[in-house]
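Engineer: Structure provided below as structure tokens; questions to follow.
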Amino acid sequence: MKRFFAMITMLTLTLVLAVQPAAAAAKFPDVTTSNRFHDEIQFLVDKKIISGYSNGSFQPKRNVTRGEAAIMIGRTLVLDGTQRNTKFKDVPKTYGASGYIAAATEKGIIGGYPDGTFQPNKSISRGDMAIIHSRGFDLQLGSKRDFKDVGPNMKASQAINHMAGNYITTGYPDGTFRPNELVTREQFAAFVARGLSPEFKQRTQMKDGYAYDLTKTYVYGQSDGDLHVTYKKVSTKFAQVPFTGFLWEFKHSGTGKITYLAQDESERGLMLVYPISSGVLELAYPVKINSTWQTGYDMEDRKTITGVNKTVKTAYKTFTNAVEVTDNDGMKNYFVKGIGSVKVIAKSGETISELKSIQ
């Protein structure tokens, strides 16, 4: 993958892309391990995707311009950055980012203003960043997470929703996304790293949640063979609609059947989602004994928390902190924090599925 950070401001500092491997791997004096996004920045440096300035700094708090954003997303997606004419009157061929701006425009990732300008030196907002990121990575999964300052009629609302659904953003602790705030270089680096790696997506997960760990593979024993559950990037179709992105792959070793699903965890609870379709609320939050909820569109389909801190024996290990969820048919599903579903038992007492290993 090509490197993608280059400083394009016409009148000020010039970003120098690293050429030597040693320079690319160097740590920045202004990005210490105490920086929240240190690992994400270093990940992109090690992959030779980004670099810093000629004085050795990264300037993590510096705002990202629209031109820089075009370069960042362009080099991430390996677009043609050869300088050339653009459709914008303020972006001539001689402008450093002209090639990436032209390429990203042709792909429909970015756009200009009604007056025919692109305004490459204007700082980009979090809302506009979400739109560029969503289009660039072709994000197609939304989230049930609600941001207090993101309304349904907002231009960036769908893009922000897709960002949340793909574990790229969680917003701020106060429940806001702050779409009008400007994006810094460290924030943009974090968003790109999460778009590329499940390791960094995992860091956006709820600390005390019940979702699967995005970096692990789960193996469940079933009567007709093992079920392997892995989070991976796939290219497939749903109802004849092309899809490329990260999903949970449920692959059955006995039948060979493969099913792709998404998992969405928000303040509402843990939901299993069928892409380009509906979802099922598997566990409602807060976890409380006798809590009952409607699982999906079917008004009659309900689940109830019938136990907490339950002891459940599986082939993998014995858990003493499982949450027991019982559905209308008497089937029980057990969930454990930081792991997810560990065992499913039919009303008859027969084990339908149980965790065998986590790899």
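Engineer: What shape does segment 287-359 have by the C-alpha gyration tensor, where a ≥ b ≥ c are the square roots of the eigenvalues, rounded means a/c under 1.5, and otherwise prolate means a/b greater than b/c and oblate the rest? The partial results should precede the final answer.
Structural biologist: Numbers: a/c = 1.95, a/b = 1.59, b/c = 1.23.
Prolate, since a/c reaches 1.5 and a/b exceeds b/c.
Engineer: I've got another one for you. Can you give the angle from 0 to 90° between the axis of helix 66-76 and the longest principal axis of the chain, with both taken from C-alpha atoms, to the nearest 10?
Structural biologist: Result, in degrees: 60.
Engineer: Where a ≥ b ≥ c are the square roots of the eigenvalues of the C-alpha gyration tensor, would you call segment 217-358 rounded, which needs a/c under 1.5, or, failing that, prolate if a/b is larger than b/c, or oblate? Intermediate results must be reported in sequence, preceding the final value.
Structural biologist: Working: a/c = 1.74, a/b = 1.23, b/c = 1.42.
Here segment 217-358 falls in the oblate category.
Engineer: Here is a follow-up. Any chance you could get the radius of gyration and Dmax over the Cα atoms of the chain, in Å?
Structural biologist: Over the chain's Cα set, Rg and Dmax evaluate to 23.0, 75 Å.
Engineer: Evaluate E = 1/(1 + (r/R0)^6) for M299 and K337, where r is the Cβ-Cβ distance and R0 equals 41 Å; express this FRET efficiency to the nearest 0.05.
Structural biologist: On the way: r = 30 Å, r/R0 = 0.73.
In this case the efficiency is close to 0.85.
Engineer: Under 5 Å between amide hydrogens, which residues at least 5 positions from Q294 or on another chain qualify, with H placed 1.01 Å from N in the peptide plane?
Structural biologist: none
Engineer: Output ³J(HN,Hα) for segment 254-263: one whole-Hz value per residue in order, computed from phi by the Karplus curve 6.51 cos²θ - 1.76 cosθ + 1.60 with θ = phi - 60°, and x for Gly and Pro.
Structural biologist: x, 8, x, 5, 10, 10, 10, 9, 10, 10
Engineer: To the nearest Å, what is the center-to-center distance of segment 202-240 and segment 115-179, using C-alpha atoms only?
Structural biologist: Computed from Cα coordinates, the inter-centre distance equals 25 Å.
Engineer: Sticking with this structure for a sec: Neighbour counts of other C-beta atoms within 10 Å: give me F250, F335 arranged from fewest to most. All intermediate terms of the calculation are to be shown ahead of the outcome.
Structural biologist: Details: F250 16, F335 25.
So the ranking, lowest neighbour count to highest, is F250, F335.
Engineer: What spacing in nm lies between the two simple spin-label points modelled at S123 and K89, each 7 Å away from Cα in the Cβ direction?
Structural biologist: It is 2.7 nm.
Engineer: Still on this structure, I have one more. Taking amide H atoms as placed 1.01 Å from N in the peptide plane, list the residues 5 or more away in sequence, or in a different chain, whose amide H sits under 5 Å from that of V234.
Structural biologist: G245, F246, L247
Engineer: Sticking with this structure for a sec: When the Cα centres of segment 306-342 and segment 261-305 are compared, how far apart do they sit, in Å?
Structural biologist: With segment 306-342 and segment 261-305 each reduced to a Cα centre, they are spaced 16 Å.
Engineer: Which of the peptides 202-215, 291-304 is most tightly packed, and how do the rest follow, judged by the mean count of other Cβ atoms within 10 Å per residue?
Structural biologist: Per-residue Cβ counts within 10 Å, averaged per peptide and sorted highest first, yield 202-215, 291-304.
Engineer: Rounded if a/c is under 1.5, else prolate if a/b beats b/c, else oblate: with a ≥ b ≥ c from the C-alpha gyration tensor eigenvalues square-rooted, which is segment 39-143? Each step should come with its number before you reach the end.
Structural biologist: Working: a/c = 1.59, a/b = 1.21, b/c = 1.31.
Because a/c hits 1.5 or more and a/b fails to exceed b/c, segment 39-143 counts as oblate.
Engineer: Once the Cβ-Cβ distance between Y274 and N55 is put in as r, and R0 is 45 Å, what FRET efficiency do you end up with, to the nearest 0.05?
Structural biologist: Details: r = 51 Å, r/R0 = 1.13.
Efficiency for this residue pair is about 0.30.
Every read-out reported here was derived from the displayed coordinates using simple, explicitly stated rules and does not represent laboratory data. Since this is a predicted model, take the numbers as computed values, not measurements. As a convention, Cβ positions derive from the backbone with ideal geometry for all residues, glycine included, and neighbour counts pool all protein chains shown.
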